[in-house]
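Report on the structure given below.
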Amino acid sequence: MSRLILSALLAGALLVPTYALAEEVVVYSARNEHLIKPLFDRYTAETGVPVKYITDKAGPLLQRLRAEGKRTPADLLITVDAGNLWHAAESGVLAEIDSAVLTANVPVNLRDPGGRWFGLSERARTIVYSTERVQPTDLGSYEDLAEPKWKGRLCLRTSKKVYNQSLVATLIARHGETEAERIVRGWVDNLAAAPFSNDTKAMQAVAAGQCDVTIVNTYYFGRLQKEQPDIELALFWANQDSSGTHINVSGAGVTRHAKHPEAARKLLEWLSSEAAQGEFAARNMEFPVNPKGAADATVTAWGDFKADELNVNVAGRLQSAAIRLMDRAGYRRARRPDARV
Ligand code: FE
């Protein structure tokens, strides 16, 4: 082989990876397009770095990442719920990130102790009640909803949803399995209807008089309140005299096989910054994880509350225990519309 051809080949070999590594970021996102695209557009406008993305549900995205392995085009995974983030980390698709920016911007209880994922928005899962039939003074805690006074008055979303699995995981962390199971059995005994397929339907059942209380993520309450400002429902911050209201996150991690790991880390850092946090949270009526981020007016109108300070990582660590516990307690995973329990 002549030297000329060899050097031409080498130049080509050097050119190809340089081209492939051109700064861009490829994102797999379980957060909906309408919530992330405006942020990506802003980022590209500010930095010139293009952001490509696909969106899908958390499960299929993780499966895809695992199946693609080293060949994945994804640099950053954005997903919802600490339970899903924990699964992604445990299945080895996320890289450990050592970033002073991220550790400064994201509170320690809202990120992976191993640095593989970081919360980007905080959501609270709390009690919503009928303002016609319940006084806030009647309410107290998640645990209290297991008491006989709520018999036939409680509606819940299915136990299949990771949000409820995460909530029950924190009950296990705090009370131990035996007591957590007693609480969940109490909820099941108090159900007015079979579990609902989503939080909105559970709230609509309360509004319709089928039950008096439910447990939902606050942004679903916010959406319903925007659509129906006169709906006779209100939020109640659970567990203010004890553990604090259950919180969870949406968050992200750089993938293990990222082709643009530096660019991915920079985007993640920007998403956690004061400049981006307000919008990232507000688009879904959530709370910024960065204390410097400004919360949306609708959200601040719900008032201050004490949040549970347990590391949200527990949602993943105790998720399978929570699922088994809910199954044992007869908390149904499948929805049967309108069926009475
Ligand atoms: Fe949701």
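Just give me the residues in the stretch 88-119 being within 15 Å of the chain's Cα centre (by Cα) and either in a loop (DSSP other than H, G, I, E, B) or at pLDDT below 95 (or both), in sequence order. Within the stretch 88-119, V106, D112, W117 meet the criteria.
Just one of the listed residues (A238, A202) is more than 16 Å from the ligand (Cβ to nearest atom) and hydrophobic (A, V, I, L, M, F, W, C), and it is A238.
Looking across T79, T126, one residue alone is within 16 Å of the ligand (Cβ to nearest atom), in contact with a helix residue (DSSP H, G or I) (Cβ under 6 Å, 6 or more places away or on another chain) and outside any loop (DSSP other than H, G, I, E, B). It is T79.
Screening the candidates R31, R42 for the property of being open to solvent by less than 10 Å² (accessible area, probe 1.4 Å), charged (D, E, K, R) and under 24 Å from M285 (Cα atoms) yields one hit, R31. Restricting the search to the stretch 273-292, which residues are among the polar types (S, T, N, Q) and not in a helix (DSSP H, G or I)? Across the stretch 273-292, the qualifying residues are S273, N284, N290.
Per-residue answers, yes or no, for (1) touching a Lys or Arg at 6+ places or on another chain (Cβ under 7 Å); (2) more than 16 Å from the ligand (Cβ to nearest atom); (3) among the charged types (D, E, K, R); (4) more than 20 Å from R265 (Cβ to Cβ):
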residue: D75; (1), (2), (3), (4): yes, yes, yes, no
residue: V93; (1), (2), (3), (4): yes, yes, no, no
residue: S99; (1), (2), (3), (4): yes, yes, no, no
residue: V106; (1), (2), (3), (4): no, yes, no, no
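Candidates are the residues of the stretch 201-230 that are under 24 Å from A281 (Cα atoms) and of a type in the set (V, I, T); the one that is surrounded by the fewest Cβ atoms within 10 Å (Cβ to Cβ) is I215. One residue stands out among those in the stretch 108-122 that are open to solvent by less than 10 Å² (accessible area, probe 1.4 Å) and within 16 Å of the ligand (Cβ to nearest atom): the one that is farthest from A67 (Cα to Cα), which is S121. Within the span defined as the stretch 41-51, one or more residues are in contact with an Asp or Glu (Cβ under 8 Å, 6 or more places away or on another chain) and part of a helix (DSSP H, G or I). Mind listing whichever residues of the stretch 61-72 are more than 16 Å from the ligand (Cβ to nearest atom) and either open to solvent by 60 Å² or more (accessible area, probe 1.4 Å) or in contact with a helix residue (DSSP H, G or I) (Cβ under 9 Å, 6 or more places away or on another chain) (or both)? Correct list: L62, Q63, R64, L65, R66, A67, K70, R71, T72. For the stretch 241-253, a residue qualifies if it is open to solvent by less than 20 Å² (accessible area, probe 1.4 Å), within 19 Å of A124 (Cβ to Cβ) and either away from the ligand (no atom under 16 Å from the Cβ) or among the hydroxyl-bearing types (S, T, Y) (or both), and the qualifying residues are G244, T245, S250.
Quick check on the stretch 174-187. Is at least one of its residues among the aliphatic types (A, V, I, L, M) and open to solvent by 10 Å² or more (accessible area, probe 1.4 Å)? Within the stretch 174-187, not a single residue is among the aliphatic types (A, V, I, L, M) and open to solvent by 10 Å² or more (accessible area, probe 1.4 Å). Of all residues in the stretch 305-330, those satisfying the criterion of being buried (at least 17 other Cβ atoms within 10 Å of the Cβ) and outside any helix (DSSP H, G or I) are F305, A307, D308, L310, N311, V312, N313, L318, A329.
The values are calculated or read from the model by the stated rules, or taken from the named source; none is laboratory data. Worth saying up front: this structure is predicted, and the values here are computed from it rather than measured. Cβ coordinates were reconstructed from backbone atoms using ideal geometry, including for glycine residues, and neighbour counts include every protein chain displayed. All accessible areas refer to the heavy atoms of the entire protein, side chains included, with ligands and DNA or RNA removed. Shrake-Rupley method; radii C 1.70, N 1.55, O 1.52, S 1.80 Å.
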